[in-house]
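Trainee: Okay, handing you the structure first.
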Amino acid sequence: MELKKIQSPYLIVPGNHDSRHEGYKKFEEFFGKRFFVKEMEDYRFIGLDSSEPDIDEGRIGRAQLEWLQQHLSPQSVVFLHHHLVPIPYTGRERNVLVDAGEALKILDMHRVPLVLSGHKHVPWVWKVNNTVVSTAGTVSCERTGSNQSFDIIELNEKKVVVEKVSIKTKNKQKYEVEI
Ligand SMILES: [Fe+2]
């Protein structure tokens, strides 16, 4: 399995394809909880499950949002599969979280500095009030062309620096955002 080659610690949340056909049960079997808190270094990493079996749109849901509120702090990094804000160059918007408004309000209230997501396969960075929202490209799918990329992220109390590194060209797109 490719994930076994990764040497550093990694955290995994399910996407829409993982939850299909009862896949969310297999996900728990292979990777553990679908949403969780993990303290690492000076930050609290909070993984959310935004997937719903057999549909592509994202939803966190009221129960998980309440759970999130109980665990959030200004030292939190929140990550989930679906994007919270529409991403340009991805066609008509269809799959943004159905409860994105509630989620953004909660993240803003708790002054969360960084939210990481994926799903659209197009790398992008938004800042919503004081929260940096970074959407990853895709690391393994060659069909996405120049969007085949990975992120290198630095975070401190003053700013977030996101470097989106193209796998094909090795070009780096750097976003430096004060928080
Ligand atoms: Fe997805």
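Trainee: Take the residues of region 143-175 that are of a type in the set (Asp, Glu) and surrounded by 12 or more Cβ atoms within 10 Å (Cβ to Cβ): which is farthest from residue 120 (Cα to Cα)? Let's see the steps before the verdict.
Mentor: Kept after step one, since they are of a type in the set (Asp, Glu), are these residues of region 143-175: 151, 154, 157, 163.
The next check asks that each one be surrounded by 12 or more Cβ atoms within 10 Å (Cβ to Cβ); those that pass are 151, 163.
Details: 151: 15, 163: 18 Å.
Only one residue tops the list, namely 163.
Yes/no per residue for (1) under 23 Å from residue 155 (Cα atoms); (2) of a type in the set (Asp, Glu); (3) more than 16 Å from the ligand (Cβ to nearest atom); (4) crowded, with 23+ Cβ neighbours inside 10 Å:
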residue: 91; (1), (2), (3), (4): no, no, no, no
residue: 95; (1), (2), (3), (4): no, no, no, no
residue: 102; (1), (2), (3), (4): no, yes, yes, no
residue: 107; (1), (2), (3), (4): yes, no, yes, yes
residue: 126; (1), (2), (3), (4): yes, no, yes, no
residue: 130; (1), (2), (3), (4): yes, no, yes, no
residue: 137; (1), (2), (3), (4): yes, no, no, yes
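Trainee: List every residue pair whose Cβ atoms sit under 6 Å apart, with the two residues 6 or more apart in sequence or on different chains, where the first one lies in region 1-30 and is part of a helix (DSSP H, G or I) and the second, anywhere, is of a type in the set (S, T, N, Q).
Mentor: Taking only residues 6 or more apart or on different chains, the pairs are 16/51; 19/51.
Trainee: If you don't mind, another one. Every residue in region 32-60 that is among the aliphatic types (A, V, I, L, M), in contact with a His (Cβ under 9 Å, 6 or more places away or on another chain) and not in a loop (DSSP other than H, G, I, E, B), please.
Mentor: Within region 32-60, 37, 46 meet the criteria.
Trainee: It is to be established whether one or more residues within region 19-26 are under 16 Å from residue 115 (Cα atoms) and in contact with a His (Cβ under 8 Å, 6 or more places away or on another chain). Outline the logic, then answer.
Mentor: Start the filter on region 19-26 by keeping residues that are under 16 Å from residue 115 (Cα atoms), which leaves none.
Among the residues of region 19-26, not one is under 16 Å from residue 115 (Cα atoms) and in contact with a His (Cβ under 8 Å, 6 or more places away or on another chain), which makes the answer no.
Trainee: Would it be correct to say that residue 42 is out of contact with any strand residue (DSSP E or B) (no Cβ under 8 Å at 6 or more places or on another chain), touching a residue at least 12 places away in the same chain (Cβ under 8 Å) and closer than 20 Å to residue 23 by Cβ?
Mentor: Details: out of contact with any strand residue (DSSP E or B) (no Cβ under 8 Å at 6 or more places or on another chain): yes; touching a residue at least 12 places away in the same chain (Cβ under 8 Å): yes; closer than 20 Å to residue 23 by Cβ: no.
Criteria not met by residue 42.
Trainee: Further question on the same structure: Does residue 78 fit the bill of being within 29 Å of residue 173 (Cα to Cα), within 16 Å of the ligand (Cβ to nearest atom), surrounded by 14 or more Cβ atoms within 10 Å (Cβ to Cβ) and touching a residue at least 24 places away in the same chain (Cβ under 8 Å)? Before you say what the answer is, go through the steps one by one.
Mentor: Working: within 29 Å of residue 173 (Cα to Cα): yes; within 16 Å of the ligand (Cβ to nearest atom): no; surrounded by 14 or more Cβ atoms within 10 Å (Cβ to Cβ): yes; touching a residue at least 24 places away in the same chain (Cβ under 8 Å): yes.
The answer is no for residue 78.
Trainee: Next up: Take residue 9 and decide whether it is over 22 Å from residue 140 (Cα atoms) and either surrounded by fewer than 11 Cβ atoms within 10 Å (Cβ to Cβ) or touching a Phe, Trp or Tyr at 6+ places or on another chain (Cβ under 7 Å) (or both). Quick ask: steps written out before the conclusion?
Mentor: Numbers: over 22 Å from residue 140 (Cα atoms): no; either surrounded by fewer than 11 Cβ atoms within 10 Å (Cβ to Cβ) or touching a Phe, Trp or Tyr at 6+ places or on another chain (Cβ under 7 Å) (or both): yes.
In short, no.
Trainee: Hey, among the residues in region 13-50 that are of a type in the set (Lys, Arg) and more than 17 Å from the chain's Cα centre (by Cα), which one's farthest from the ligand (Cβ to nearest atom)?
Mentor: The qualifying residue farthest from the ligand (Cβ to nearest atom) is 25.
Only the coordinates and a few stated rules stand behind these numbers; no lab work does. Just so you know, these numbers come straight off a predicted model, no measurement behind them. Ideal geometry is used to build each Cβ from the backbone, glycine not excepted, and the neighbour counts take in all protein chains shown.
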